[in-house]
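Student: Got a structure for you, written out below as structure tokens; questions coming shortly.
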Amino acid sequence: MKRLVTTLALSALILSFSPKIYANDTLSLRICEYVQANDKQRLRKFLKQQNIKIRNIFDQLRCNGDNLLIFGAKSSALDVGEYIIGKVPSKKVAAEIDNLDKHSKHLAEKARERIK
């Protein structure tokens, strides 16, 4: 009986840690999907539900090896790109202007307006 209780407790402990890792991957995937789909409304709603701010995750989150802003520019996600430009600190936006210019002239112009 003691062995059964120990096994169940250990199993419950192991299973309680797995969803956190999976959830982080799921969060990143959903954010990237919303950016790629240029769905600003769903992105904002999802971020609010998860209590996440773009400025806090911008440096760590990568979508296909790019940060959110460049990924949005490559995906022609103009609405989401403008939203990200407005939420990320201006120093980080300024650092990405040259990369933005390669993929989206519109977003590069919005970034230049932001840092003025």
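The values are calculated or read from the model by the stated rules, or taken from the named source; none is laboratory data. Small disclaimer: the values here were computed from a predicted structure and weren't measured. So basically every Cβ, Gly included, is an ideal-geometry build from the backbone, and we count neighbours across all protein chains shown.
Student: Can you tell me which residues in segment 33-71 are over 19 Å from residue 97 (Cα atoms), of a type in the set (D, E, K, R) and surrounded by 16 or more Cβ atoms within 10 Å (Cβ to Cβ)?
Tutor: 39, 40
Student: With the requirement that a residue be under 19 Å from residue 37 (Cα atoms) and surrounded by fewer than 20 Cβ atoms within 10 Å (Cβ to Cβ), what does segment 84-104 give you?
Tutor: If the condition is that a residue be under 19 Å from residue 37 (Cα atoms) and surrounded by fewer than 20 Cβ atoms within 10 Å (Cβ to Cβ), then 86, 87, 103 are the ones that fit.
Student: Which ones in segment 73-97 are under 15 Å from the mean Cα position of the chain (by Cα), in a helix (DSSP H, G or I) and not charged (D, E, K, R)?
Tutor: 73, 80, 81, 83, 84, 85, 86
Student: Within segment 10-65, restricting attention to residues that are out of contact with any helix residue (DSSP H, G or I) (no Cβ under 9 Å at 6 or more places or on another chain) and hydroxyl-bearing (Ser, Thr, Tyr), which residue is modelled with the lowest pLDDT?
Tutor: My answer is 18.
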